[in-house]
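Notes follow once the structure below has been shown.
The values are calculated or read from the model by the stated rules, or taken from the named source; none is laboratory data. Keep in mind that what you see is a predicted model, and the values were worked out from it rather than measured. Cβ placement follows ideal geometry from the backbone for every residue including glycine, while neighbour counts extend to all protein chains displayed.
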Amino acid sequence: MRVGIVGVTGYTGSELLRLLYAHDQVTLTYVTSHSFTGKKLAEVHPQYSGLVDLICRPFSAEEAKEKTDLVFCALPHGEAMDAVSQLVAAGIKIVDLSADFRLLDRDLYREWYNKEHTCPAYLGRAVYGLPELYRKEIREASFVANPGCYPTSVLLALAPLARKKLIRWETLVVDAKSGTSGAGRNPSQLLHFPECAENFRAYRVAVHQHTPEMEQELGRLAGEKVCFTFVPHLLPMIRGILSTIYLQLNTDLQEEDLWRLYEEFYRDEKFVRLFAPPLLVETKYVYGSNYCALSLRKDRRTGKVIIFSAIDNLVKGAAGQAVQNMNIMLGFAEAKGLEMLPLRP
Ligand SMILES: NC(=O)c1ccc[n+]([C@@H]2O[C@H](COP(=O)([O-])OP(=O)(O)OC[C@H]3O[C@@H](n4cnc5c(N)ncnc54)[C@H](OP(=O)(O)O)[C@@H]3O)[C@@H](O)[C@H]2O)c1
């Protein structure tokens, strides 16, 4: 199968390139860039010299249709909606890594992204691409909205409890930490090395744009309205997300019961790995891999459940999950090209 990457020069675009290069059932036939149109990809990223012989093309839905069977769109949110809607209209299979088609509600999009959605007719047409929850729908889909990085870590951590309606939502607090590559490669003062190295801080407290996506998807799982507190932090490292999640249950299940519930829920899932006590997951357990690693504890004094979820934001949080979705959409083995172990120094 022939595949393309729109926005190949960015962090998730480059990660897609790395994964697709090693995938033996697809050939990369079309890559685009806005700023480096006409340049060899190896000129933009010299590490690919002698390995990748592709030229960055300007985006064109017609060219994508002629040259590919499936396209990944790795453009910033707000920029993606126009390209994606053209690709959908042209009848091309697409996995969109941006946030532009994850929310179902145009008003929510305006509220949280401070922008009017220009293709509202396509909202709700994409399948939400979290394979562990929507595998059957993804198999039949031609348009998949790949989940955000924080939402992937949080939804996989909470899905077993949400589906059984066990969470008292008003008690839920998600305290998440991400490496700096989560913000993409555009420089800014806050991401400047002297500003973020040897430093640790919260940002967008209770106003982060991934909040409505998580509330929407947890609400779908639980069949009820969900509202909770989300506090992201910026970690002084490049890759990785660790979400620490605090909640009270509406039943008195003990830690062993919860553990059995999670084991049962994820029994057949290759990319979700449970780490039993005394282990607690770390970002190193998933670095460079497509795994989501989960641990949980119940605080016997306060009754609070605490869940820990680690992913690599560029892999399970973006490009790896996108390739997992492609594998399902094109009928390949789901783990094809994604079976690498986490990197350890
Ligand atoms: N980084 C993550 O961890 C992560 C995780 C999950 C989802 N995502 C989502 O994935 C998407 C890509 O993220 P990223 O981190 O890879 O971003 P990025 O590093 O900033 O890359 C964005 C890409 O889009 C191109 N681009 C930028 N502005 C454009 C414009 N006006 N028109 C056309 N192309 C433009 C850029 O390169 P050129 O200048 O060469 O065109 C680049 O190839 C975003 O929607 C992001 O929210 C990111």
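If I filter segment 34-52 for residues that are at negative phi, touching a residue at least 40 places away in the same chain (Cβ under 8 Å) and crowded, with 17+ Cβ neighbours inside 10 Å, do I get at least one hit?
No, segment 34-52 contains no residue that is at negative phi, touching a residue at least 40 places away in the same chain (Cβ under 8 Å) and crowded, with 17+ Cβ neighbours inside 10 Å.
Taking the residues in segment 309-345 that are away from the ligand (no atom under 15 Å from the Cβ) and acidic (Asp, Glu) as candidates, determine which candidate is surrounded by the fewest Cβ atoms within 10 Å (Cβ to Cβ).
Taking the candidates together, the pick is Glu339.
Looking only at residues that are over 15 Å from Thr152 (Cβ atoms) and acidic (Asp, Glu) in segment 187-214, which one is surrounded by the fewest Cβ atoms within 10 Å (Cβ to Cβ)?
Glu198
Within segment 280-335, track down each residue that is at positive phi and touching a Leu at 6+ places or on another chain (Cβ under 8 Å).
The answer is Gly288, Gly303.
Take segment 123-136 and flag every residue that is away from the ligand (no atom under 16 Å from the Cβ) and either over 16 Å from Val88 (Cβ atoms) or in contact with a Ser or Thr (Cβ under 7 Å, 6 or more places away or on another chain) (or both).
Glu132, Leu133, Tyr134, Arg135, Lys136
Regarding segment 76-94, can at least one residue be identified that is within 11 Å of the ligand (Cβ to nearest atom), closer than 16 Å to Tyr30 by Cβ, in contact with a helix residue (DSSP H, G or I) (Cβ under 7 Å, 6 or more places away or on another chain) and not basic (Lys, Arg)?
Looking through segment 76-94, none of the residues is within 11 Å of the ligand (Cβ to nearest atom), closer than 16 Å to Tyr30 by Cβ, in contact with a helix residue (DSSP H, G or I) (Cβ under 7 Å, 6 or more places away or on another chain) and not basic (Lys, Arg).
What are the residues in segment 1-42 that are assigned to a strand (DSSP E or B), within 16 Å of the ligand (Cβ to nearest atom) and among the polar types (S, T, N, Q), if any?
Thr32 - this is the single residue of segment 1-42 that is assigned to a strand (DSSP E or B), within 16 Å of the ligand (Cβ to nearest atom) and among the polar types (S, T, N, Q).
Any chance segment 308-321 includes a residue that's over 30 Å from Ala197 (Cβ atoms) and not in a strand (DSSP E or B)?
Among the residues of segment 308-321, not one is over 30 Å from Ala197 (Cβ atoms) and not in a strand (DSSP E or B), which makes the answer no.
Identify the residue in segment 289-304 that is in contact with a Lys or Arg (Cβ under 8 Å, 6 or more places away or on another chain) and surrounded by 18 or more Cβ atoms within 10 Å (Cβ to Cβ) and, among all such residues, is farthest from Leu235 (Cα to Cα).
Lys298
Is there a residue being in contact with a helix residue (DSSP H, G or I) (Cβ under 6 Å, 6 or more places away or on another chain) and outside any strand (DSSP E or B) anywhere in segment 252-263?
yes
Kindly list the number of the only condition in (1) in a loop (DSSP other than H, G, I, E, B); (2) modelled with pLDDT of 95 or more; (3) of a type in the set (D, E, K, R) that fails for Arg185.
(2)
When the residues of segment 137-149 are filtered to those that are away from the ligand (no atom under 11 Å from the Cβ) and buried (at least 21 other Cβ atoms within 10 Å of the Cβ), which remaining residue is farthest from Ser85 (Cα to Cα)?
Ranking the candidates gives Ile138 first.
Quick one: which of Leu103, Leu108 is more than 11 Å from the ligand (Cβ to nearest atom), crowded, with 22+ Cβ neighbours inside 10 Å and more than 23 Å from Val323 (Cβ to Cβ)?
Leu103
Which numbered condition trips up Leu70, out of (1) under 30 Å from Leu218 (Cα atoms); (2) within 15 Å of the ligand (Cβ to nearest atom); (3) surrounded by 21 or more Cβ atoms within 10 Å (Cβ to Cβ)?
(2)
In this structure, is Thr152 closer than 21 Å to Val272 by Cα and either hydroxyl-bearing (Ser, Thr, Tyr) or without any contact (Cβ under 8 Å) to a residue 24 or more places away in the chain (or both)?
Criteria met by Thr152.
Assuming Gln47 fulfils every condition listed in (1) in contact with a strand residue (DSSP E or B) (Cβ under 7 Å, 6 or more places away or on another chain); (2) at pLDDT below 95 apart from one, which condition is it?
(1)
Out of all the residues in segment 219-244, which are in contact with an Asp or Glu (Cβ under 9 Å, 6 or more places away or on another chain) and over 30 Å from Pro187 (Cα atoms)?
Once the filter is applied, which keeps residues that are in contact with an Asp or Glu (Cβ under 9 Å, 6 or more places away or on another chain) and over 30 Å from Pro187 (Cα atoms), segment 219-244 yields Lys225, Val226, Cys227, Phe228.
Among the candidates Met237, Met214, single out the residue that is assigned to a helix (DSSP H, G or I) and under 25 Å from Lys284 (Cα atoms).
When all the criteria are applied, what remains is Met214.
Inside segment 207-241, can you point out the residues that are β-branched (Val, Ile, Thr) and more than 15 Å from the chain's Cα centre (by Cα)?
Val207, Val226, Thr229, Val231, Ile238
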